[in-house]
Amino acid sequence: MAMPQKRFQRRKFCKFCSEKFEFIDYKDTKLLRGYLTERGKILSRRMTGTCALHQRSLSEAIMRARSIAILSFVEK
């Protein structure tokens, strides 16, 4: 009888904590697009590895950028 193999994944870490970001700027579209899917949805914490504090400020920055039309709501 075969034993199921355990898969070990590398633990994800918060990029913003490691680089000591104090503020996530809504005008930095290059950074913000890395946290969006190809359809324009915000990626979850499980996918990106960000901490809860920075995930909230990241989503707030994305919402601000969308509201003033720096980022689009839906990617075409």
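The table below lists the values:
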| item | result |
| --- | --- |
| In order through segment 12-17: 3J(HN,Hα) via Karplus (6.51 cos²θ - 1.76 cosθ + 1.60), integer Hz, x for Gly, Pro | 7, 10, 7, 5, 6, 5 |
| 3J(HN,Hα) from dihedral phi, segment 28-34, Karplus parametrisation 6.51/-1.76/1.60, rounded to Hz, x for glycine, proline | 8, 5, 5, 5, 5, 5, x |
| Trypsin sites (Lys or Arg not before Pro) within segment 24-57, DSSP loop, no more than 13 other Cβ atoms inside 10 Å | LYS27, ARG39, LYS41 |
| Computed Rg/Rh of the chain, alpha carbon atoms with Kirkwood Rh | 1.13 |
| Loop sites in the chain: chymotrypsin sites (Phe, Trp or Tyr not before Pro), DSSP, at most 12 other Cβ within 10 Å | PHE8, PHE13, PHE23, PHE73 |
| Phi to ³J(HN,Hα) by Karplus 6.51 cos²θ - 1.76 cosθ + 1.60 over segment 54-70, Hz, x for Gly, Pro | 6, 5, 5, 6, 5, 5, 5, 5, 5, 5, 5, 5, 5, 5, 9, 6, 7 |
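A short reminder: the numbers here are calculations on the coordinates, not readings from a lab. Given the structure is predicted, the values throughout are model-derived calculations rather than measurements. Cβ coordinates were reconstructed from backbone atoms using ideal geometry, including for glycine residues, and neighbour counts include every protein chain displayed.
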